[in-house]
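Q: Can you keep this structure in mind? I'll have questions shortly.
The values are calculated or read from the model by the stated rules, or taken from the named source; none is laboratory data. Here the structure is a predicted model, which means the values were calculated and not measured. Quick reminder, even Gly has a Cβ in these numbers, built from the backbone with ideal geometry, and neighbours come from all protein chains shown.
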Amino acid sequence: MHVIGLTGGIASGKSTVTKFFRDHDIPVIDADILGHRTYEPGSDTFHAVVAAFGPELVAADGTIDRRVLGGKVFGKPEELKRLTDIVWPGIRKLASAELSELEVAGNNVACLEAAVLFEAGWEDLATEVWVVTVEPDLAVKRLAERNGLDEEAARARINSQLSNDERTSRADIVIENNGSLAELDSAIAAAWSALQTRLRAAAGRD
């Protein structure tokens, strides 16, 4: 099975790419959704997070209070790394299982969408990596409008991520999203068409 690892920064346009895939009946695994699943009560990750950060994380309903947890790691790089060292392997395990299920079900292509694909070291789960980029100033504008943030807060979030250069240097396919939605749709369609050509060529060599 050919797996597209899709990544990009905040407000880059990843959701538009995943919509394209879903519209073309390509299954998409969303690492954010898997992240929420890792926190489910009773899971290995749940127990590990509570053991690492304290029982006060557990709310009255038995779930992890994400606001309490966020307060323990926000602005504290060492604590955040301690958390991701627990959570990211849990997400990877779920992603690997879902990819295996999709392959057994007969899917030829699937997408793994993960904003932290590079940071978490999940590139090896993908056959090729697609990166969606947007110029930082434009990303700040879009994020501020979308999330109701002031420019300073939006820029801080953008600057906390990997840069476009860091991502594109490790990408197989780069989709730029600095223009209109129609231009983005066209770029996605072109990348998809090129992939179909490559897959047909590979099938012909088998």
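Q: Collect the residues in the range 40-84 that are touching a residue at least 12 places away in the same chain (Cβ under 8 Å) and of a type in the set (Lys, Arg), keeping them in residue-number order.
A: 66, 72, 82
Q: Would you confirm whether or not the range 83-90 contains a residue that is among the acidic types (Asp, Glu), loosely packed, with under 14 Cβ neighbours inside 10 Å and over 28 Å from residue 18 (Cα atoms)?
A: From the range 83-90, those among the acidic types (Asp, Glu) are 85; that's our starting set.
With loosely packed, with under 14 Cβ neighbours inside 10 Å added as a condition, the list becomes 85.
If we keep only those that are over 28 Å from residue 18 (Cα atoms) as well, we get none.
Checked against the condition, which is being among the acidic types (Asp, Glu), loosely packed, with under 14 Cβ neighbours inside 10 Å and over 28 Å from residue 18 (Cα atoms), the range 83-90 yields no hits at all.
Q: How many residues, within the range 43-68, are under 17 Å from residue 91 (Cβ atoms) and either surrounded by 17 or more Cβ atoms within 10 Å (Cβ to Cβ) or over 23 Å from the mean Cα position of the chain (by Cα) (or both)? Before the answer, list the steps.
A: First, the residues of the range 43-68 that are under 17 Å from residue 91 (Cβ atoms): 43-49, 52, 64, 66.
From what's left, either surrounded by 17 or more Cβ atoms within 10 Å (Cβ to Cβ) or over 23 Å from the mean Cα position of the chain (by Cα) (or both): 45-49, 52, 64.
Qualifying residue count, the range 43-68: 7.
Matching residues to (1) surrounded by 13 or more Cβ atoms within 10 Å (Cβ to Cβ); (2) at pLDDT below 95; (3) within 30 Å of residue 80 (Cβ to Cβ):
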residue: 154; (1), (2), (3): yes, yes, yes
residue: 163; (1), (2), (3): yes, yes, yes
residue: 167; (1), (2), (3): yes, no, yes
residue: 174; (1), (2), (3): yes, no, yes
residue: 181; (1), (2), (3): no, yes, no
residue: 187; (1), (2), (3): yes, no, no
residue: 191; (1), (2), (3): yes, no, no
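Residues checked against (1) among the acidic types (Asp, Glu); (2) without any contact (Cβ under 8 Å) to a residue 40 or more places away in the chain; (3) under 23 Å from residue 94 (Cα atoms):
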position: 4; (1), (2), (3): no, no, yes
position: 25; (1), (2), (3): yes, yes, yes
position: 32; (1), (2), (3): yes, no, yes
position: 38; (1), (2), (3): no, no, yes
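One line per residue, one yes/no per condition, for (1) out of contact with any Gly (no Cβ under 8 Å at 6 or more places or on another chain); (2) of a type in the set (Gly, Ala, Ser):
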| residue | (1), (2) |
| --- | --- |
| 107 | yes, no |
| 120 | yes, yes |
| 130 | no, no |
| 135 | yes, no |
| 141 | yes, no |
| 165 | yes, no |
| 172 | yes, no |
| 178 | yes, no |
| 204 | yes, yes |
